Amino acid sequence: NNGIKMEDSNQQPQLKAGPAFENKFKVLQAQEIIKAQLTESLSKQTYVPEAVSQTVREIVEAIKAKLKEVIPPQYKLIVQVLLGEQRGQGIAMGFRGFWDNDTDNFARETFSNDSIFAVGIAYAMYSY
């Protein structure tokens, strides 16, 4: 589909911006993928400061690969994972960017055990 919709031959073509409903980023599916990967990668881990950078890279790449299998190809992904030592502290995160509320979305999941906490976020931006 080239994005042009014609009702009858007397009408002007209508351009439809954005994906059809069935081709939108599916937040719940993405949340399940993020949660599963965080749990698989971290459930038996303890906090080791020297290993954090490599661990985060591996988790990000795994989440990105799994999401790319299920999201429509016209979406661009940004995947972010924050990993820290569990000390009972709180955390605040923010994101600011150019966003289209009709097409762009994000999924977020958390993980924690006695030693570590993690937040995984996937931002999906529709590419026109």
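The values are calculated or read from the model by the stated rules, or taken from the named source; none is laboratory data. Since the structure is predicted, the reported quantities are computational estimates derived from the model, not experimental observations. When we count neighbours, we look across all protein chains shown, and the Cβ atoms used for this are built from the backbone with ideal geometry, even at glycine. Surface accessibility is based on the protein's heavy atoms, side chains included, excluding ligands, DNA and RNA. Shrake-Rupley method; radii C 1.70, N 1.55, O 1.52, S 1.80 Å.
Pairwise Cα separations in region 14-128 fall into 5 Å bins from 0 onward with the following percentages, short to long: 2, 11, 22, 20, 17, 11, 8, 5, 2, 1, 0, 0.
Between Q29 and S127, residue separation times 0.36 nm minus the direct Cα-Cα distance comes to 33.3 nm. The stretch between W99 and E61, if pulled fully straight at 0.36 nm per residue, gains 11.3 nm over its current Cα-Cα span. Taking the Cα centre of the chain as reference, the dipole from Cβ charges on Lys and Arg (+1) and Asp and Glu (-1) amounts to some 100 debye.
Across the protein chains, with a 1.4 Å probe defining accessible surface, the residues Y123, Y47 rank Y47, Y123 from largest area downward.
Between A51 and Q89, full extension at 0.36 nm per residue minus the direct alpha carbon distance yields a gain of 11.6 nm. Based on C-alpha pairs under 8 angstrom that are at least 6 apart in sequence, region 16-103 has a relative contact order of 43 percent. For the chain, the solvent-accessible area works out to 69 Å² per residue, with a probe of 1.4 Å and every protein chain left in place. As a calculated quantity, the FRET efficiency between F21 and E69 at R0 = 22 Å, using C-beta atoms, amounts to about 0.60.
Farthest towards the positive end of the charge dipole of the chain, among the residues Q31, A20, A62, is the Cα of A62, using unit charges on the Cβ of Lys, Arg, Asp and Glu.
Just how far, in whole angstrom, is region 14-51 from region 67-128 if you go by their alpha carbon centroids? For region 67-128 versus region 14-51, the Cα centre distance is 7 Å. Against the chain, whose longest principal axis is taken from its Cα atoms, helix 52-70 shows a tilt of about 30°.
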